[in-house]
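Beneath this line is the structure, given in structure tokens, with notes to follow.
The values are calculated or read from the model by the stated rules, or taken from the named source; none is laboratory data. Predicted model only: the values in this text are computed from it and were never measured. Glycine gets a Cβ as well: all are built from the backbone with ideal geometry, and neighbour counts include every protein chain shown. Just so you know, the surface numbers come from the protein's heavy atoms only, side chains and all, with ligands and any DNA or RNA stripped out. Shrake-Rupley method; radii C 1.70, N 1.55, O 1.52, S 1.80 Å.
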Amino acid sequence: MEDDFTFPAGKEMMEDEMPYDAMQAGDEKAIGKKGLKKKIIKEGEGWDTPDNGDEVQVHYTGTLIDGTKFDSSRDRGTPFTFTLGQGQVIKGWDEGIKTMKKGESSLFTIPAELAYGESGSPPTIPPNATLQFEVELLSWASVKDICKDGGIYKKIIQKGEKWENPKDLDEVIVNYEVKLEDGTLVAKADGVEFTVQDGHFCPALSKAVKTMKKGEKVILTVKPQYGFGENGKQASGNEGGVPPNATLQIALELVSWKIVSNVTTDKKVVKKILKEGEGYERPNEGAVVQVKLIGKLPDGTIFIQKGYDETEPFEFKTDEEQVIDGIDRAVLTMKKGEVAILTVAPEYAFGSTESKQELAVVPPNSTVTYEIELVSFVKDKESWDLNAKEKIEAAGKKKEEGNVFFKAGKYLKASKRYEKAAKYIEYDTNFDEADKKQARALIASCSLNDAACKLKLKDYKQAVKLCTKVLEIESKNVKALYRRAQAYINLVDLDLAELDIKKALEIDPDNRDVKLEYKVLKEKMKEYNKKDAKFYGNMFAKLSAIDSKKTAPKVVEPMIIDSKA
């Protein structure tokens, strides 16, 4: 359809240039460039219009241009139903009706090219006849090709709630009824629960639910590739058989689902929401939270229970190692009032050692589950909630916490503390000169310590950035030059490493650590020089061999004479 919705600049908008959704009763507009015209008799509701593939229901009356009536659904007393854009009706209908809103009545003038053409439709419609149809769009059901290959068509019978759709990890609850094309019942079930990515009954169900909303009801037309294919399915139990290459009709309702997500990137802490929380706020690092929780072993043994039987909720501060890492991370993703099931692998629970809890012993290498409810939380103050003095004080406190974690070998936690300390004071527009001086010294100190963490964590690029930040504040900081050189060595930027080491030795010629690192650097340089020499030696040898072949005299083979010739 070739519609032109552009408006001429500085001119009054002409009727034919009016967008369809701006048309009112009495307006007439050309649709496309082949002579199809539409005049609105009664305006429709809302803004939505049907699309190709949708099943529409209309009443109509068709006349010739002289007013002779040749067909009418109203005379028959039965609305006409067809699938839009599938060639089931004349082209003028396919193009015109998809501009209509629900309840709209319009008069379409359809040229022969978009109707019955040169041959007409004897005896009622002569050749080359222009036709007029008064059409009322009663309703339509949205029909979508959800796999974009014609394998599953979804017709919406009842719209769902909100806008979310289930994801692969989510657990859905559905009702369904499966029939063959001839109406034979194959299967029927209510309240079936399954994980989307695992699927149920046939592949079409998991494909379809990912496009559905809570409470949505649909009819699926399922081709064999998303049903049971060329092998079909034998009858078993209460389910009937499916012949080979059979198309299925499935009535499907998405009752509800539980959202399941990975809390950690390595998928070893998984959260399943049983009850959604309130609002949008979540705890931050350092928040004081109150929870109810029950911890269980794989066999169902309860090893901890807090906040139940009229006892006070369990209170802890996040990111302070007061609970296992899995719980610490999970509560940061929760909302107030949310109830969830956590599945926590040993790495984020009690590890490889036995742990005695209040109600039972957790064996080594146990994957544990928790039912947890976030009762309430008070967020830790963010930097914008503090004045200048409070920011400096908070930064100093976080730095000391980082030092404790660093000494304990917990470099990731230490790094996070140093980063948070620097964030408190990185914007010093409201600081006086004394505060600015103190803040810059703290930023340099935290960045330098954080660089040491990054070296331990083998994040050498970030270590370089942090040391560079320090050197922008203190250009002769020997530790920053030394640690940046270490990072450069590991990144094999040996020339840059040598520049930093030489500069550090100019500032502090007797620094033992820098001298030792220079020895390491020289050994690395020798090692890489040897490798380079070997590589280029081999390369030149190959080039020489190729050149010698090119310059060697060509050997002329003697002509072989066939004695039989």
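Couple of notes before you dig in:
So that you can scan it fast, the table gives a plain yes or no per residue for (1) in a loop (DSSP other than H, G, I, E, B); (2) touching a strand residue (DSSP E or B) at 6+ places or on another chain (Cβ under 9 Å):
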residue	(1), (2)
71	no, yes
75	no, yes
85	yes, no
88	yes, yes
95	no, yes
116	yes, yes
127	yes, no
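- Selected residue (criterion: nearest to residue 337 (Cα to Cα)) from residues of segment 368-391 that are in contact with a Leu (Cβ under 8 Å, 6 or more places away or on another chain) and buried (at least 21 other Cβ atoms within 10 Å of the Cβ): 373
- If you go through segment 307-342 and pick out every residue that is under 28 Å from residue 265 (Cβ atoms) and not hydrophobic (A, V, I, L, M, F, W, C), you end up with 15.
- Checked against (1) outside any helix (DSSP H, G or I); (2) closer than 29 Å to residue 437 by Cβ, residue 492 passes all but a single condition, namely (2).
- Within segment 116-133, residues that are under 23 Å from residue 39 (Cβ atoms) and open to solvent by less than 40 Å² (accessible area, probe 1.4 Å) sit with their Cβ atoms under 7 Å from residues that are of a type in the set (Ser, Thr, Tyr) and in a loop (DSSP other than H, G, I, E, B), at 6+ positions apart or across chains, in these pairs: 125/116; 129/116.
- Search result, residues across segment 222-252 that are buried (at least 19 other Cβ atoms within 10 Å of the Cβ) and part of a strand (DSSP E or B): 222, 233, 242, 248, 250, 252
- The lone exception for residue 47 - which of (1) loosely packed, with under 14 Cβ neighbours inside 10 Å; (2) over 30 Å from residue 219 (Cβ atoms) it fails: (2)
- Hits in segment 344-367 (condition: in a strand (DSSP E or B), in contact (Cβ under 8 Å) with a residue 12 or more places away in the chain and surrounded by fewer than 19 Cβ atoms within 10 Å (Cβ to Cβ)): 361
- Within segment 322-342, tally of residues that are in contact (Cβ under 8 Å) with a residue 60 or more places away in the chain and open to solvent by 60 Å² or more (accessible area, probe 1.4 Å): 1
Residue-wise test of (1) open to solvent by less than 50 Å² (accessible area, probe 1.4 Å); (2) in contact with a Lys or Arg (Cβ under 6 Å, 6 or more places away or on another chain); (3) assigned to a loop (DSSP other than H, G, I, E, B).
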residue	(1), (2), (3)
153	no, no, no
157	no, yes, no
164	no, no, yes
167	no, no, yes
172	yes, no, no
175	yes, no, no
182	no, no, yes
189	yes, no, no
193	no, no, no
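- Residues that are under 21 Å from residue 514 (Cβ atoms) and either open to solvent by 30 Å² or more (accessible area, probe 1.4 Å) or assigned to a helix (DSSP H, G or I) (or both) do occur in segment 432-445.
- Test: residue in segment 65-86 that is at pLDDT 95 or above, under 21 Å from residue 30 (Cβ atoms) and open to solvent by less than 70 Å² (accessible area, probe 1.4 Å): no
- Residue pairs meeting the criteria (Cβ under 9 Å; at least 6 apart or on separate chains; first acidic (Asp, Glu), in segment 134-149; second crowded, with 16+ Cβ neighbours inside 10 Å and not in a strand (DSSP E or B)): 136/100; 136/104; 145/53; 145/151; 149/223; 149/225
- Here residue 475 clears all of (1) in a helix (DSSP H, G or I); (2) of a type in the set (Gly, Ala, Ser); (3) farther than 24 Å from residue 525 by Cβ except the condition numbered (1).
- Selected residue [in a loop (DSSP other than H, G, I, E, B) and closer than 20 Å to residue 276 by Cα] from 335, 292: 335
- The set of residues from segment 449-487 being hydroxyl-bearing (Ser, Thr, Tyr) and in contact with a helix residue (DSSP H, G or I) (Cβ under 9 Å, 6 or more places away or on another chain) comprises 460, 468, 482.
- When residues of segment 400-412 are limited to those that are open to solvent by 40 Å² or more (accessible area, probe 1.4 Å) and in contact (Cβ under 8 Å) with a residue 24 or more places away in the chain, the one farthest from the chain's Cα centre (by Cα): 406
- Consider segment 199-220 and keep the residues that are in contact with a Lys or Arg (Cβ under 9 Å, 6 or more places away or on another chain), assigned to a strand (DSSP E or B) and open to solvent by 40 Å² or more (accessible area, probe 1.4 Å). The one that is nearest to residue 55 (Cα to Cα) is 219.
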